[in-house]
Each structure stands twice: as C-alpha cells, then as structure tokens.
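The block underneath contains the structure these notes are about, expressed in structure tokens.
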Amino acid sequence: MRTGQSTAVIAIAGSSGLIGSALASTLRGAAHRVVRIVRRAPSNPDELFWNPDTGEFDAGALHGVDAVVNLCGVNVGDKRWAGAFKQSLRDSRIGPTEVLATAVANAELPVLVNASAVGFYGDTRDRVTDESAPAGQGFLAQLCQDWEGATAPAADAGARVVLMRTGFVLSPSGGILSRLKPLFQLGLGARLGNGRQYLPWISLEDEIRAVLHTIWADSIAGPVNMTGPAPVTNAEFTAALGRALNRPTPMMVPGFALRTLLGEIADEGMLRGQRVIPAALEQSGFTFHHNTVGEALAYATAPKDL
C-alpha cells in the first residue's frame with residue numbers, strides 16, 4: 001500500500017452518505033483520486049458501475065486502485081423495524097459486501113476497509129469493551145456478524161481487511177445530531193430510560209481521520225472500534241449536548257414510551273448500549289482531535305460561517 005504522502009486511488013461504495021461524502025472530499029483535498037462505485041450509468045471517468053443486487057461488477061475496472069472502502073447500508077433508524085425493513089437492512093449490507101469482497105479478491109487488491117458497527121457487541125452494560133470482546137445477542141449483533149463475515153473472500157485472497165465498528169458519529173451536518181438538535185433547541189432534550197446505557201460516540205472529523213489511518217497503516221487488520229476514547233452514558237451525553245446548545249435537559253423519556261412508539265429498535269438501539277473503547281486505533285498510534293464528548297459536541301454544534 002502506498003503511504004499517505006503519495007497519490008493513491010481509493011474506490012468508495014456508499015460515497016453519498018455522511019461518512020462517504022466527507023471521506024471523498026478529504027481524499028480529493030489531499031490530491032488523491034477517488035473512484036465512486038455507483039448503481040447508475042457512470043457520468044465521468046471517476047465513477048464505476050455495479051449492481052450488487054445481481055452481483056454485476058467488473059473486477060477488471062479496479063485495476064490501479066489501492067484500496068476499496070465499503071460504506072453501503074440502509075440507515076437502521078430510517079423506519080420502524082418490521083420484517084421487510086429488517087430484511088432490507090441485511091440485503092443492503094451483506095450481499096453488496098460479498099460482491100465487493102469478491103471483486104477485491106479477483107482484482108488482487110491489497111486493502112478492503114469495510115463498515116460495521118458497535119452493535120456487534122450487543123448490550124455491554126458498564127463493561128469496558130475492546131475489539132477482543134465476543135459478539136453479543138440480538139438482531140443488530142447478528143447483522144454485524146454476518147456483515148463482517150461477508151468480507152471473507154477478500155481476506156481469504158490475502159487482502160488486508162479492516163472492519164470498522166463505528167459508534168454514533170457527531171457531525172456539524174447530518175447524522176444523529178440533525179435529529180436531536182431541533183428537539184434540544186426547543187428545550188425538549190431528554191435522557192432515554194434510566195440514562196445509564198452507554199453511548200459510544202466519535203466526531204466526524206476523527207472518523208474520517210481514522211478511516212484514512214486504517215487505509216495507510218499496514219499493521220491494522222480485523223475489527224477496529226471507530227469510537228472516541230471516552231464513552232459516556234446516555235444521561236451524560238444528554239447533559240453535554242444541552243450544555244453545548246445552552247438548553248436545559250431536565251426531562252426523561254420512559255422506556256415503555258419508546259418501545260410503544262418505536263418498537264424493537266428502542267430496545268436495541270436506544271435503551272441498550274456499548275461501553276466501547278478504541279483500543280486498536282490507539283495501539284496503532286492514532287491520536288484523536290476530540291478526546292471528550294464535550295470537545296466533539298463543541299465541534300459539531302459550532303455556528304457555521306456565513
């Protein structure tokens with residue numbers, strides 16, 4: 001793999017999302033070439049067609065690519081969980097990942113950086129959790145296991161495969177804060193349930209820096225927790241966001257109300273959590289720009305320049 005100081009060619013699937021668009025912009029700003037893997041007819045030489053539903057992908061088109069970053073997947077919070085939507089969560093991740101991993105193998109590429117999530121660990125309660133922890137229980141944990149397992153063709157062919165287990169990404173635009181900020185600004189910010197469940201966070205800036213770090217660092221392979229170094233409880237996060245927005249946060253949403261309103265996702269995505277630490281990143285020499293949730297929220301809620 002070329003070093004971060006020389007020009008590289010990085011192919012990205014899922015480049016239109018929050019992380020993908022920021023990653024592409026950062027790479028281009030550093031004079032690297034970005035090839036967007038798209039599901040429509042390419043409109044320029046920096047786009048590459050695929051159809052993950054049918055498995056259509058020309059591995060030969062990856063000639064000259066240094067790494068593939070796979071960020072595909074329907075947002076787990078887009079809809080209330082039901083049979084059809086849960087299947088779409090699996091279909092948007094597992095099949096496309098198998099197609100990309102096979103293409104990486106066939107093209108003999110050196111690196112595949114693949115999205116995953118901290119949901120892999122299930123509910124860890126207050127147990128500090130690093131990458132050595134086993135998979136947890138529940139739909140999200142099983143989804144993440146199968147998602148990561150779909151990278152096997154690339155790993156079996158000798159590619160260095162990185163499994164990015166990302167937490168809640170705190171961004172100045174989009175992501176979880178785009179849903180929370182309007183509520184908090186109206187004084188409706190509230191902890192969820194008892195608030196003791198952990199919320200693993202990372203700033204978008206550090207997420208992108210960490211993705212780039214995993215691309216260049218030949219020593220990194222396997223699971224990597226893409227989370228800030230100091231996970232906080234939901235109650236602590238709620239108070240910190242209230243301070244960042246200068247709004248009170250005295251309220252609490254009962255667990256039963258969340259379950260009634262949102263169904264299964266309330267339990268797995270809101271009332272349970274993961275006290276995850278980024279051991280693999282830190283052991284590889286990565287340093288965070290935002291070490292506390294307060295620093296990350298200050299970055300993500302700062303007024304925009306006009």
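The values are calculated or read from the model by the stated rules, or taken from the named source; none is laboratory data. Here the structure is a predicted model, which is why all the values come from computation and not from measurement. Positions of Cβ are generated from backbone atoms using ideal geometry, with glycine treated the same way; all protein chains shown enter the neighbour counts. All accessible areas refer to the heavy atoms of the entire protein, side chains included, with ligands and DNA or RNA removed. Shrake-Rupley method; radii C 1.70, N 1.55, O 1.52, S 1.80 Å.
Looking at the structure I just gave you, is Arg191 in a strand (DSSP E or B) and either open to solvent by 40 Å² or more (accessible area, probe 1.4 Å) or in contact with a helix residue (DSSP H, G or I) (Cβ under 6 Å, 6 or more places away or on another chain) (or both)?
Details: in a strand (DSSP E or B): yes; either open to solvent by 40 Å² or more (accessible area, probe 1.4 Å) or in contact with a helix residue (DSSP H, G or I) (Cβ under 6 Å, 6 or more places away or on another chain) (or both): yes.
It is true that Arg191 is in a strand (DSSP E or B) and either open to solvent by 40 Å² or more (accessible area, probe 1.4 Å) or in contact with a helix residue (DSSP H, G or I) (Cβ under 6 Å, 6 or more places away or on another chain) (or both).
Given the range 37-122, what strands (runs of 3 or more DSSP E) lie entirely inside it while holding 2 or more residues that are in contact with a Cys (Cβ under 8 Å, 6 or more places away or on another chain) and buried (at least 22 other Cβ atoms within 10 Å of the Cβ)?
Numbers: elements: 47-51, 67-70, 111-117.
Strands (runs of 3 or more DSSP E) meeting the threshold: 111-117.
Determine whether the range 265-280 contains at least one residue that is polar (S, T, N, Q) and not in a helix (DSSP H, G or I). Give the derivation first.
Initial filter on the range 265-280 (polar (S, T, N, Q)): 274.
Next, only the ones that are not in a helix (DSSP H, G or I) stay: 274.
Yes, some residue in the range 265-280 is polar (S, T, N, Q) and not in a helix (DSSP H, G or I).
In the range 214-239, the residues that are over 27 Å from Gly149 (Cα atoms) form Cβ pairs under 6 Å with partners that are in a loop (DSSP other than H, G, I, E, B) and among the basic types (Lys, Arg), at six or more places apart or across chains, as follows: Thr233/Arg196. Considered as a group, the residues in the range 26-36 that are within 11 Å of Ile12 (Cα to Cα) and β-branched (Val, Ile, Thr) include one that is surrounded by the fewest Cβ atoms within 10 Å (Cβ to Cβ), and that residue is Val34. Checked against the criterion of being part of a helix (DSSP H, G or I), open to solvent by 10 Å² or more (accessible area, probe 1.4 Å) and either under 26 Å from Ser21 (Cα atoms) or not aliphatic (A, V, I, L, M) (or both), the range 158-170 has no qualifying residue. Within the range 281-306, if we keep just the residues that are assigned to a loop (DSSP other than H, G, I, E, B) and touching a strand residue (DSSP E or B) at 6+ places or on another chain (Cβ under 9 Å), the residue that is farthest from Tyr121 (Cα to Cα) turns out to be His289.
One residue stands out in the range 127-157 among those that are of a type in the set (A, V, I, L, M, F, W, C) and either touching a Pro at 6+ places or on another chain (Cβ under 7 Å) or not in a helix (DSSP H, G or I) (or both): the one that is most open to solvent (accessible area, probe 1.4 Å), namely Val128. For the range 9-28, residues that are in a loop (DSSP other than H, G, I, E, B) and under 20 Å from Leu109 (Cα atoms) total 2.
For the range 194-240, the set of residues classified as among the charged types (D, E, K, R), part of a loop (DSSP other than H, G, I, E, B) and out of contact with any helix residue (DSSP H, G or I) (no Cβ under 8 Å at 6 or more places or on another chain) consists of Asp218 only. Ala13 satisfies every condition listed in (1) among the aliphatic types (A, V, I, L, M); (2) under 22 Å from Trp216 (Cα atoms); (3) at pLDDT 95 or above; (4) over 20 Å from the mean Cα position of the chain (by Cα) except (4).
Residue-wise test of (1) under 22 Å from Arg275 (Cα atoms); (2) among the aliphatic types (A, V, I, L, M); (3) surrounded by fewer than 21 Cβ atoms within 10 Å (Cβ to Cβ).
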{"site": "Ile215", "(1), (2), (3)": "no, yes, no"}
{"site": "Gly242", "(1), (2), (3)": "yes, no, yes"}
{"site": "Leu245", "(1), (2), (3)": "no, yes, yes"}
{"site": "Val253", "(1), (2), (3)": "yes, yes, yes"}
{"site": "Ala257", "(1), (2), (3)": "no, yes, yes"}
